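Worksheet: the structure to be examined is printed underneath.
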Amino acid sequence: STSRQQNQSQGHYGLTSPISLAPPSDKDHIHTQKLIEAMKPFGVFEDQEELYHRTTVLGKLNNFVREWISELAESKNLPPSITEQVGGKIFTFGSYRLGVHTKGSSDIDALCVAPSHVERSDFFQSFFEKLKNQEEVKNLRAIEDAYVPVIKFEFDGIEIDLVFAKLSLPTVSDDLDLRDDSCLKSLDIRCIRSLNGSRVTDEILRLVPNLENFRLTLRAVKLWAKRRGVYSNIMGFLGGVSWAMLVARICQLYPNALASTLVNKFFLIFSKWDWPKPVLLKRLEESFLNLPVWDPRVNPSDRYHVMPIITPAYPQQNSTYNVSVSTRAVMVEEFQRGLEVTDEILKGKSDWSKLFEPLNFFQKYKHYIVLTASAFTEEHHLNWIGLVESKIRVLVGNLERNEFITIAHVQPQSFPGNEVLYKQSGYVSMWFLGLVFKKAESAVKTNVDLTHGIQSFTDTVYRQASALNILKEGMKIEATYVKRKQLHYFLPAGTLQKRKKQRVSDISQNNSGLQCKRSSLGESCSDGSKDRDSRTPSNSSSLNKISKLDISTAETERLFIISWPNSKSQVSPTEMEATVALRTSGPPIGCTIPGYNTVCQLRACFVQEQHKLSGTLITDPRSASPKQHYSPSSKVSLLHKECYIQLGKGLSAATSELMNFKLIQLLIKKILFFFFAVASVCVLQRLSSKELPDSSSPVPTNSIRIIKRSIKLTLNG
């Protein structure tokens, strides 16, 4: 009510007066209708049947909560007069409360408000057990140690994230209004955070001049953000509430505009915004509760926020504290592209489908980090990837601090492992980070060491897993540096085939996208396109060719990507892009190495590719004579011998048909391979191990051994 009175007295919404009060034109109505039609194929609008089902589920959940609170009051021997009217209520927030939830896949963010006799431990124990006994409840799991503790589950097919808050009241009535700041009195910080979601959502709805235009614009912006890979609070981009506040601010500045105009103004304003100037929907308010609020004048830590968007409900907080310099740069670039596209649309030179074209992430960068996380069981895997995903922004921050890196761009979508990885390491998920390196000032090669940043990240994950007591045998994590042309060893078949089709036809933008749901591991992840390149082999077939390599015993060939050593050999830069060193001293029998089996299969593909260039075959160590001692020196001898044999074959073939151009090319490749192999042997002899000592392991109390590897590369000037 206070906000509405202020708006009426000022004649506008927000901190400043509107930029334009112009009413919509006929063209605006036409463009807005075209925008609606362009969004329909993406399922952003829910039909009445689904809406009714969600409403029914929430009603059941509300009755379920009231029943549990009443039973709990009886078990604690509260007077019957109180037991009969203790109440309890479910509030919604997020996209469902804002009215922009999408068809089918959207979950519901809900808040369970309980009276004073209910403790948080009751919510995560007795209520959790009560949910477990319900046939309608599936996929139940509790995350008690999260920043905002939550219970996640499916209720009659609807995904629900339920948080908890108890008030300093003996009863909770049906007409309870959470907008009153007095409801925060005497609450702990976790309850305040839980209440904040509902209070912020309600305040946003009160601060926009036209709800219908706001909701349609927000639907368009959220769809665009997901398609362009910038929708993920946990990964350092923006979450739903942050996008909602940005759209709400545009609605305040253009209160009479329709969605088509508001989308264009959204990109115009925020592509030119002077970050880190904060985005505010109203003035910061003080309260008698003296709770900590966002204020860089008082809190030094707030001064380091690079893209602050401040929540309008007390206590005001920055909803984008996860944003880093890299993720902000990526979003600003996308804002600029969005402005260019929407300008063309409003001029009639393009249509809305172009705005929603997905980002072709795997063609955007030349350098990538592949992060893999695996576990033996599905339950352990869900816990493990949840923790790893929540810490990826730490890896992004670590890479940003490297003096040679300007951008570290994480793809929010994870990819499942293929069948080979599934058999080797269980359930596997992969994430990809694109890297942009600073251009060298001279032609001198630059040596870049990524070891510390990546190792610090893995240490953080293992340390956190140990502290939460979720680190189990078989949980592994590993980061690997690859170049763009090596991504097809990691990418799911559908994405790989689409990517290769694009390279053949020189398409700069993927028109169908990379949206795919995390399905059962072992299934491929498709981008929705039906195009297939029959000439492109799948990941599974490529890995099956090298699956015979012995990678599980003490005589395992362990593969490490290393930088090319200084050598007088005149080898082309193409041949020097990925040098692979082999070593025979594998892990002690019985030891489990996180990330070892997961990525080892994929790295072995690099060796397979090098042997394909030369026409040689990879031999299986297990097929050798049992009496042969398998030592580094014997490997070196065999490698030298094979190189000379293949070189001799190439020379003979080239001599017999000297004028055959293809054979001449083959000869050149064999000569290059010969020098490559000799240089690899030199590295093998000089490099005993790329492992760091286990004594620095962050989990000394756990029996799981953690191998730490260095990741170094050389950039051409």
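The residues of segment 85-129 that are among the charged types (D, E, K, R), closer than 15 Å to Val57 by Cα, in contact with a Lys or Arg (Cβ under 9 Å, 6 or more places away or on another chain) and not in a loop (DSSP other than H, G, I, E, B), listed by number, are Lys89, Asp109. For segment 79-112, a residue qualifies if it is modelled with pLDDT under 90 and either of a type in the set (Ser, Thr, Tyr) or buried (at least 17 other Cβ atoms within 10 Å of the Cβ) (or both), and the qualifying residues are Ser81, Thr83, Val86, Gly87, His101, Thr102, Ser105, Ser106.
Would you check if there is a residue in segment 261-275 being among the acidic types (Asp, Glu) and modelled with pLDDT under 95?
Within segment 261-275 (the criterion being among the acidic types (Asp, Glu) and modelled with pLDDT under 95), the answer is no, since none of the residues qualifies.
If you check Leu284 against the conditions, is it assigned to a helix (DSSP H, G or I) and surrounded by fewer than 21 Cβ atoms within 10 Å (Cβ to Cβ)? No: the conditions fail for Leu284.
In segment 325-332 there is no residue that is in contact with a strand residue (DSSP E or B) (Cβ under 9 Å, 6 or more places away or on another chain), closer than 22 Å to Gln252 by Cα, open to solvent by 40 Å² or more (accessible area, probe 1.4 Å) and aliphatic (A, V, I, L, M). Of the residues making up segment 214-253, those that are part of a loop (DSSP other than H, G, I, E, B) and either of a type in the set (A, V, I, L, M) or surrounded by fewer than 22 Cβ atoms within 10 Å (Cβ to Cβ) (or both) are Val230, Ser232, Asn233, Ile234, Met235, Gly239. Consider segment 255-284 and keep the residues that are under 28 Å from the mean Cα position of the chain (by Cα) and among the polar types (S, T, N, Q). The one that is nearest to Ile309 (Cα to Cα) is Ser271. Between Lys34, Lys60, the distinction of being among the basic types (Lys, Arg), open to solvent by 90 Å² or more (accessible area, probe 1.4 Å) and within 37 Å of the chain's Cα centre (by Cα) belongs to Lys34 only.
Evaluation of Thr55 against the conditions (1) modelled with pLDDT of 90 or more; (2) open to solvent by less than 40 Å² (accessible area, probe 1.4 Å); (3) more than 25 Å from Val221 (Cα to Cα) shows that the sole unmet condition is (2). Any residue in segment 346-364 that is within 30 Å of His452 (Cβ to Cβ), surrounded by fewer than 21 Cβ atoms within 10 Å (Cβ to Cβ) and not hydrophobic (A, V, I, L, M, F, W, C)? Yes. State whether the residues of segment 176-195 include one that is in a loop (DSSP other than H, G, I, E, B), open to solvent by less than 10 Å² (accessible area, probe 1.4 Å) and at pLDDT below 95. Yes.
Checking every residue in segment 264-279 against the condition of being surrounded by 24 or more Cβ atoms within 10 Å (Cβ to Cβ) and either out of contact with any strand residue (DSSP E or B) (no Cβ under 8 Å at 6 or more places or on another chain) or not assigned by the TED database to the domain that holds Phe93 (or both) gives at least one match. When residues in segment 293-316 are screened for being farther than 26 Å from Ser182 by Cβ and open to solvent by less than 10 Å² (accessible area, probe 1.4 Å), 3 of them pass. Applying the set (1) surrounded by 21 or more Cβ atoms within 10 Å (Cβ to Cβ); (2) of a type outside the set (A, V, I, L, M); (3) under 36 Å from the mean Cα position of the chain (by Cα) to Pro115 leaves exactly one unmet item: (3). Could you please find all residues in segment 130-159 being outside any strand (DSSP E or B), within 17 Å of Asn62 (Cα to Cα) and charged (D, E, K, R)? Answer for segment 130-159, where residues must be outside any strand (DSSP E or B), within 17 Å of Asn62 (Cα to Cα) and charged (D, E, K, R): Lys130, Lys132, Glu135, Glu136, Asp156.
Conditions (1) modelled with pLDDT under 90; (2) open to solvent by 50 Å² or more (accessible area, probe 1.4 Å); (3) β-branched (Val, Ile, Thr), marked per residue:
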site: Glu135; (1), (2), (3): no, yes, no
site: Leu140; (1), (2), (3): no, no, no
site: Glu144; (1), (2), (3): yes, yes, no
site: Pro149; (1), (2), (3): no, no, no
site: Asp156; (1), (2), (3): no, yes, no
site: Glu159; (1), (2), (3): no, yes, no
site: Phe164; (1), (2), (3): no, no, no
site: Leu167; (1), (2), (3): no, no, no
site: Pro170; (1), (2), (3): yes, yes, no
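Within segment 204-213, being open to solvent by less than 10 Å² (accessible area, probe 1.4 Å) and touching a Lys or Arg at 6+ places or on another chain (Cβ under 8 Å) holds for one residue alone: Leu207.
The values are calculated or read from the model by the stated rules, or taken from the named source; none is laboratory data. Values in this document were obtained by computation on a predicted structure and should not be read as measured data. Using ideal geometry, Cβ is built from the backbone for each residue, glycine included, and neighbour counts are taken over all protein chains shown. Just the protein is used for accessible areas: all its heavy atoms, side chains included, with ligands, DNA and RNA removed. Shrake-Rupley method; radii C 1.70, N 1.55, O 1.52, S 1.80 Å.
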